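For reference, the structure is listed below as structure tokens.
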Amino acid sequence: MSDNGPLKTNLPPAPESLWRAANTFDTYPKLTEDTTADVAIIGAGIAGITTAYLLAQSGLSVVLLEAGKVLDGTTGHTTAKVSAQHGMIFDEIMHHFGHEQARMYYEGNAAAGDWMRKLVKEKQIECQWADEDAYVYIQSEDNIKKLEVELTAYGKLGIPGEWADPLPIPVPSRAGIRMPGQARFDPLAYLHYLLTSAVKQGVRVYEHTTVTDVEEEASLRIRTFGGSFVTAEHIVVASHFPVYDPGFYFTRLHAERSYAVMVEPEKPYAGGMYISDDNPARSLRAVMHNGKEHILFGGENHKTGQGICTFGHYERLEQYAAETFGIRNIPFRWSAQDLISIDKVPYIGPITGRHEQIYVATGFAKWGMTTGTMAGHLLADRITGRDNPHADVFDPARFKADPGIKNFIVENVNVAKELIAGKVGIVHKNINELGSDEGAVVRYNGKRAGAYKDNSGKLFLVDTTCTHLGCEVEWNKGERSWDCPCHGSRFNYEGHVIEGPAIEDLPLLDVQEQ
């Protein structure tokens, strides 16, 4: 699989999420004047929208700010499994956090799924909700002991689960664990209901409104890129990567990209949702499209900006789909970016111990449908003064020496390595060698630059130094973006921010005749 030349593939030429293609949303204005609210929420994904919906029901005034368009980030590019089975994690959490905290992790996620199921039924939300069993499985005999230990943890924690061998579907596997009573759905159809209901209850939504800072004086004030302010009693930072970061979350999180292809299969699918605990991981679930059942294949995780040939990740999923179910058609492909904490448990609660009225929700580690929903409940309870039994395990102030210290060191050594490598790395492309629809790091006027040539031959040049902390971005062929390998910031080929923590664009350089 090469970065150069045409690829023989059935994959769509451009990435697009099924959920974004299948759903439309009202547009919302940009904030252009100062305003006030009881609560200001930064980020209109599942965590931000759920929090706004619950607070509005409690009678609080809420402002919801989104730097781009609502639900155009990770929530709009999920595989949309509503499950408390987050891979093989319960033995690990029990080991690091203790029995009670591990139990609370499960119960919090299970309660979030139950709340979603009840809401869908009561409000008759048309979102393709389907109850399914979830399976975590292994492909290698070498991992059989790990699977056995995980099932033992289920028993100790009172989690429903049973050994599954063979699996119901024809994929390479040794055995798995089945967790009954989970679900899949169309996340944007579901969140469309929550958002429109919240707006009807008075929530004010502003799109294309980038937050640049939070000021803490006599009151809390959010400063936006256009110069407008939002004054609030409470602030929720639910912007995927915390756009306001007094707790140095960039040292406690790393960003990973994962990929999905939606396939119309040749063989029937027996049902269930699956994820393998192997490298590379594989994820499968069914989805309806144009009246036909399709399979959503996911996986190919890697740290952002460190994926080498990113289009190759799609190709490997395509190959896996062909080998297991066969391919009639591939209508959609897309990728997502997720944040993972150093102990793999999300940070949900006060952003630091000194900021009791500013809250954060981040680090959902690819399981944002339940953890994002749970975050909405935890934060709404906190703001309205209600106790929540699941709050302690997700408290951002926690620090578990095992595995916290080790992973903290590993992640930040990796950042340092990428920072140095980007500064001294070899530039591989001559700008005159770029073909149509091709991007690469080049040498331009004696300096490192990022170049992209579109299908009409127009050249776009950007400064490749990330505007967050100065690492050098790399070209992502699969998404036509510039990605930072240090903290996961992403920019389009014109330099505009796609994902934070960066809030400033890459400078666009003047193109001179070569």
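Checking the structure you have, find out if any residue of the range 236-254 is part of a strand (DSSP E or B), buried (at least 21 other Cβ atoms within 10 Å of the Cβ) and at pLDDT 90 or above. Steps first, answer last, please.
Of the range 236-254, the ones part of a strand (DSSP E or B) are 236-237, 253-254.
Going one step further and asking which of them are buried (at least 21 other Cβ atoms within 10 Å of the Cβ), we end up with 236-237, 253-254.
Those still in the list that are at pLDDT 90 or above too: 236-237.
Yes, the range 236-254 contains at least one residue that is part of a strand (DSSP E or B), buried (at least 21 other Cβ atoms within 10 Å of the Cβ) and at pLDDT 90 or above.
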Task: Identity of the residue in the range 337-353, open to solvent by less than 10 Å² (accessible area, probe 1.4 Å) and in a strand (DSSP E or B), that ends up modelled with the lowest pLDDT - done: Gln337
Open item on the list: For the range 458-486, which positions are farther than 22 Å from Cys309 by Cβ and not in a strand (DSSP E or B)?
Closed with: Lys458, Asp463, Thr467, His468, Leu469, Gly470
Task: Conditions (1) of a type in the set (Ser, Thr, Tyr); (2) assigned to a loop (DSSP other than H, G, I, E, B); (3) within 26 Å of Val70 (Cα to Cα); number of the one not met by Thr231 - done: (2)
Open item on the list: I'd like to check something: does the range 110-117 contain any residue that is part of a helix (DSSP H, G or I), of a type in the set (Lys, Arg) and without any contact (Cβ under 8 Å) to a residue 60 or more places away in the chain?
Closed with: no
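Quick check on the range 26-49. Is at least one of its residues of a type outside the set (A, V, I, L, M) and part of a helix (DSSP H, G or I)?
Going residue by residue through the range 26-49, those that are of a type outside the set (A, V, I, L, M) are 26-30, 32-36, 38, 43, 45, 48.
If we keep only those that are part of a helix (DSSP H, G or I) too, we end up with 48.
Taking every residue of the range 26-49 in turn, at least one turns out to be of a type outside the set (A, V, I, L, M) and part of a helix (DSSP H, G or I).
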Task: Qualifying residue in the range 438-452 (condition: surrounded by fewer than 24 Cβ atoms within 10 Å (Cβ to Cβ), in a loop (DSSP other than H, G, I, E, B) and at pLDDT 85 or above) - done: no
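Quick grid of which residues meet (1) closer than 29 Å to Gly478 by Cβ; (2) in contact (Cβ under 8 Å) with a residue 12 or more places away in the chain; (3) within 20 Å of the chain's Cα centre (by Cα):
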residue	(1), (2), (3)
Pro166	no, no, no
Leu188	yes, yes, yes
Lys200	no, no, no
Val203	no, yes, no
Thr224	no, yes, no
Val230	no, yes, no
Glu233	no, yes, no
His240	yes, yes, yes
Task: Arg333 under 9 Å from Val261 (Cα atoms) and either buried (at least 16 other Cβ atoms within 10 Å of the Cβ) or among the aliphatic types (A, V, I, L, M) (or both) - done: yes
- [ ] Identify the residue in the range 57-103 that is without any contact (Cβ under 8 Å) to a residue 12 or more places away in the chain and in a loop (DSSP other than H, G, I, E, B) and, among all such residues, is most open to solvent (accessible area, probe 1.4 Å).
- [x] Gly59
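Evaluate the range 313-325: report whether one residue or more is among the acidic types (Asp, Glu), in contact (Cβ under 8 Å) with a residue 12 or more places away in the chain and not in a strand (DSSP E or B). Let's see the steps before the verdict.
Filtering the range 313-325 down to residues among the acidic types (Asp, Glu) leaves 315, 318, 323.
Subset that is in contact (Cβ under 8 Å) with a residue 12 or more places away in the chain: 315, 318.
Narrowing the set further to residues that are not in a strand (DSSP E or B) leaves 315, 318.
So far as the range 313-325 goes, yes, one or more of its residues are among the acidic types (Asp, Glu), in contact (Cβ under 8 Å) with a residue 12 or more places away in the chain and not in a strand (DSSP E or B).
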Open item on the list: Restricting to the range 144-188, name every residue that is among the polar types (S, T, N, Q) and closer than 30 Å to His289 by Cβ.
Closed with: Ser173, Gln182
Open item on the list: Out of the residues in the range 264-315 meeting the condition of being touching a strand residue (DSSP E or B) at 6+ places or on another chain (Cβ under 9 Å), of a type in the set (Lys, Arg) and at pLDDT 95 or above, tell me which one is surrounded by the fewest Cβ atoms within 10 Å (Cβ to Cβ).
Closed with: Lys292
TODO: Output the number of the condition that Val171 fails; it satisfies all remaining conditions of (1) part of a helix (DSSP H, G or I); (2) in contact with a Lys or Arg (Cβ under 8 Å, 6 or more places away or on another chain); (3) surrounded by 15 or more Cβ atoms within 10 Å (Cβ to Cβ).
DONE: (1)
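Output the residues belonging to the range 354-368 that are of a type in the set (A, V, I, L, M) and either open to solvent by 10 Å² or more (accessible area, probe 1.4 Å) or more than 19 Å from the chain's Cα centre (by Cα) (or both).
Within the range 354-368, the subset of a type in the set (A, V, I, L, M) is 358, 360-361, 365.
Result: Ile358, Ala365.
The values are calculated or read from the model by the stated rules, or taken from the named source; none is laboratory data. Remember, it's a predicted structure, so these values are computed and weren't measured experimentally. Every residue, glycine among them, receives a Cβ derived from its backbone with ideal geometry; neighbour counts consider all protein chains shown. For the accessible areas, the whole protein counts, side chains as well, though only heavy atoms, and no ligand, DNA or RNA atoms are used. Shrake-Rupley method; radii C 1.70, N 1.55, O 1.52, S 1.80 Å.
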